[in-house]
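> Take this structure, written in structure tokens, and hold onto it; I'll ask about it next.
Bear in mind these aren't lab numbers, they're just calculated from the coordinates by the rules spelled out. Just so it is clear, the model here is predicted, and its values are computed rather than measured. Methodologically, a virtual Cβ is constructed for each residue, glycine included, from the backbone with ideal geometry; neighbour enumeration extends over all protein chains shown.
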Amino acid sequence: MKYLSVDLEQCNMFVRGSVFSVGMVLADENFNIIFKRNYWINPLCRFAMHFRKPIDFGVTKQDLVDKPTFAEVRDELATYLEDPDTIVMAHSANNDMQMFNDACKRAKVQPFAFRFICTQMIYSAVYDVENGIGLDKVAVQLGRTQFTHHQADDDSEMALYLLKHCIEKTGLSYKEMIKKFGITPGTMRDGYFVAMRCNELFRLRNRRKQRAIALQKKWNKEVSAGGVITMRLEPRSFDLLKCRSKTIDLRVLDEKRAKIKEGDAVYFIKDCQHTQLLKAIVTKIDRFPSFEEAFTALDDTALGYRGYTMLDFLDRMYTIYSDVKEFELGVVAFHLELTEN
């Protein structure tokens with residue numbers, strides 16, 4: 001038995017299958033690495049990836065002009081992917097499998113046929129977490145300092161180490177872990193794929209869903225009883241708050257907010273048709289004379305405005321508050337930590 005970890009990078013968000021890099025790391029059954037490779041591929045299109053946080057792939061279109069096309073490396077990739085004695089894996093595997101299929105379709109070559117597992121899902125099941133973990137955080141957790149995120153061969157290697165770590169954490173062999181967690185590998189066939197299934201992760205997510213429903217009922221009763229601090233949020237701000245354990249809520253300081261103290265609980269209400277609640281504890285309070293000074297002093301990521309320029313930020317604030325209120329009342333920043341009680 002061998003392990004093959006793969007990762008794909010594509011260069012154009014408007015061209016499906018524009019793969020320019022395929023990372024592969026092959027290891028034996030004891031996770032001793034046999035080879036680590038990065039297949040550089042001429043994508044036959046320009047680089048056009050627009051992210052809020054830019055990704056430096058360390059390569060340009062000009063660097064790839066003399067590299068083989070995907071059609072030219074397809075058969076070599078297949079010798080490893082389609083080896084029946086090899087367990088293929090990827091982190092957030094569905095993304096990579098879709099890219100494989102798109103690349104084959106675009107290059108007009110035979111699609112791959114193999115089974116695969118997802119290290120993201122396995123990590124989520126082992127650690128009982130909802131959103132998994134990014135490979136950059138895996139590197140930190142495992143103490144792997146020689147790592148470049150979004151370098152396909154490095155990402156492949158980190159996914160391999162993550163599987164090894166999960167197996168060691170459970171104290172089981174690979175086959176025992178697969179059986180215990182009810183894992184059914186995903187399949188690639190005829191240009192389509194069926195995602196990996198994990199019964200244990202399904203059960204964990206269902207229990208988490210039931211806890212969330214019970215928590216909403218509890219918070220609704222507490223709000224209905226009165227005597228608590230409530231704030232309404234637009235859906236985007238509410239969702240940003242929900243996806244972070246710690247964040248900052250920035251407001252004009254009015255009479256209601258002036259009464260809030262560190263340690264107080266605040267109930268946030270999503271301003272939409274279907275009421276949702278979040279409960280947070282105020283851990284710290286900062287006051288500023290203006291939004292400009294607040295934006296300069298605070299972490300823009302925690303504010304939910306990562307990548308915004310000062311002008312973008314101020315323009316958004318002034319659609320919510322008038323500058324008269326800003327300078328008359330001042331600005332308050334509540335540092336918040338979500339709670340589940």
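> Hey, fewest Cβ within 10 Å first, where do Glu293, Glu326 land in order?
Glu293, Glu326
> Here's something else I'd like to know. Working from Cα positions, state the angle (0 to 90°, nearest 10) between the long axis of helix 93-107 and the longest principal axis of the chain.
Result, in degrees: 60.
> For a protection proxy built on the mean count of beta-carbon atoms within 10 angstrom, sort 12-23, 117-128 highest first, please.
117-128, 12-23
> Something else about it: Can you tell which of Gly186, Gly58, Gly307 shows the greatest fluctuation in a Gaussian network model of the chain with Cα springs below 10 Å?
In the Gaussian network model the winner is Gly58.
> Could you tell me the relative contact order of the stretch 1-88? Use alpha-carbon pairs under 8 Å, at least six residues apart, and round to a whole percent.
31 percent
> Where nothing but the Cβ of Lys and Arg (+1) and of Asp and Glu (-1) is charged, how large is the charge dipole of the stretch 178-327 around its Cα centre, in debye to the nearest 20?
Charge dipole of the stretch 178-327: 1520 debye, to the nearest 20.
> Can you compute the charge dipole magnitude of the chain about its Cα centre, using +1 on each Lys and Arg Cβ and -1 on each Asp and Glu Cβ, nothing else charged? Give it in debye, rounded to the nearest 20.
1420 debye
> Another question, then. Rounded, prolate or oblate: pick one for the stretch 1-148, where a ≥ b ≥ c are the square roots of the eigenvalues of its C-alpha gyration tensor, a/c under 1.5 means rounded, and failing that, prolate if a/b is larger than b/c, else oblate.
Here the stretch 1-148 falls in the oblate category.
> Among Thr60, Thr170, Thr247, which comes first, second and so on when ranked by fewest other beta-carbon atoms within 10 Å?
Thr60, Thr170, Thr247
> Taking only pairs that are 8 or more places apart or on different chains, how many Lys pairs in the stretch 2-204 have Cα atoms under 19 angstrom apart?
Qualifying lysine pairs in the stretch 2-204: 15.
> Tally Lys and Arg at +1 and Asp and Glu at -1 over the other residues with C-beta under 12 Å from the C-beta of Pro111: what net charge comes out?
In short, +2.
> Moving on to the next point. Could you identify which residue out of Leu241, Leu201, Leu314 has the top mean-square fluctuation in a GNM of the chain using Cα springs shorter than 10 Å?
Comparing Leu241, Leu201, Leu314 in the GNM, the peak value goes to Leu314.
> Separate question: What's log10 of I(q)/I(0) for the stretch 241-289 at q = 0.22, 0.25, 0.27 Å⁻¹, Debye sum over Cα points only, no solvent?
Cα-only, vacuum Debye calculation for the stretch 241-289: -0.95, -1.15, -1.25.
> Over the stretch 183-321, what is the mean sequence separation of C-alpha contacts under 8 Å (at least six apart), divided by residue count, expressed as relative contact order in percent?
After rounding, I find 19 percent.
> Right, next: Pairing the Cα long axis of helix 152-170 with the longest principal axis of the chain, what angle in degrees results, from 0 to 90 and rounded to the nearest 10?
Result, in degrees: 80.
> If you don't mind, there's one more thing I want to ask. Cut-off is 10 Å between beta-carbons; in what order do Tyr161, Tyr267 appear when sorted fewest neighbours first?
Tyr267, Tyr161
> In degrees, nearest 10, range 0 to 90: what is the angle between the Cα axis of helix 199-225 and the longest Cα principal axis of the chain?
For helix 199-225, the angle is close to 10 degrees.
> Taking the DSSP beta bridges in the chain as the whole, what percent of them are antiparallel, to the nearest 5?
Just about 75 percent of them are antiparallel.
> Moving on. Hey, if you drop one equal point scatterer on each alpha-carbon of the chain and run the Debye formula without solvent, what base-10 log of I(q)/I(0) do you get at q = 0.15 Å⁻¹?
-1.19
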